[in-house]
1. If you go through segment 201-214, how many residues are under 15 Å from Ser171 (Cα atoms) and not in a loop (DSSP other than H, G, I, E, B)?
2. Considering each of Ile167, Ile198 in turn, give the residue that is part of a loop (DSSP other than H, G, I, E, B), without any contact (Cβ under 8 Å) to a residue 60 or more places away in the chain, farther than 14 Å from Asn52 by Cα and aliphatic (A, V, I, L, M).
3. Scanning for something touching a Lys or Arg at 6+ places or on another chain (Cβ under 9 Å), touching a residue at least 60 places away in the same chain (Cβ under 8 Å) and within 23 Å of Asp241 (Cα to Cα), does segment 123-146 turn up at least one residue?
Amino acid sequence: MKKKGPFKIPTILALPIMFVTFVGIALLIKYLQGYTTKVGEGVTAQDIRITNITDSSFTVSWLTNAKTSGFLVWGKENTLENVTGNNPPTFEMVHFITINNLSPDTMYSFKIVSGDIEFDSAGKSWEVKTAPPLPPPKHTEIISGSVINENGAPVSKALVLLSGENISPLSTITTDNGNWFIPLSISRKQDLLSYFDIGSRRTLEVFVHTGSDGIASAVFYTGNANPIPPIVIGKAQDFRDKSTSPTLEITRAKIDLSKNETQPSGFSVENSDNEIETLEIPESTTTPTTEPVFEKLTTSDNSYTLITPSKTDSSSKNKTLSDLTP
């Protein structure tokens, strides 16, 4: 009785099977590549800020024009060997990441990744130097408040940016109840060499960005800032002297731009046929915006200004360090 050998597929059948398998794998790879490109297509990172610089940490915040995940790749002296992001990952338009446990007085570099796209500063990593160590502050003082919409409902996950004369910028995110607080006593001067002199009549400004639901701002004195009155989305409020300072109303207008037009964050439109008229407005009003929405601030005397949004091309990484100042 003959022993049967292993079953073999005839060559005439093997070749078509191999061809079909190869084509199937190629189509699958092409599909997956197309899907990945589609997910990240059109995502832009804008209004990138470095805030909360201490001797052991700093915060990076940025906005995207769509809800995406976001994280930082970072390290010392352009050695980007670390990754820091939200855990678990979240898909938001407002991104806020703090890097902790750093060395004092040390230069760090980082890049931003959102929607599978890497963003940097004109082909280079952003750089930030941690502050030198200081003894603990003698007093504890915080600034607090809340953010609400025009109907009085709390606004969660809004970016709150604090700025003022000779103070290193600070920031935080609102809670689910719309509340926020910032420890002012550990804030530093812009050179980071000493603590900020708080005083009781120092003017500070808070700017709020919600992503797609609008912006707001408020000006107040340090002596009356815990808490400040609720900040209302769509308004530019002045809490220093309610009897004489008008409340600015923010309206929104959609303006179509050509796909080939880009706008750096200098609030100017390059190569655009759209005319933007700027009239008198109080100098204290600053409004970084999301793309492609233009913000219009109107005062009681009917003067107004159109503020153009900053925009970063997702394929060309064109942010500069000048974009990092609030």
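Read-outs throughout are calculated quantities, based only on the coordinates presented, and are distinct from any laboratory measurement. If you're wondering where the values come from, they're calculated on a predicted model, not measured in any experiment. Ideal geometry is used to build each Cβ from the backbone, glycine not excepted, and the neighbour counts take in all protein chains shown.
1. So the answer is 6.
2. Values: Ile167 fails: farther than 14 Å from Asn52 by Cα.
Residue meeting the stated conditions: Ile198.
3. no
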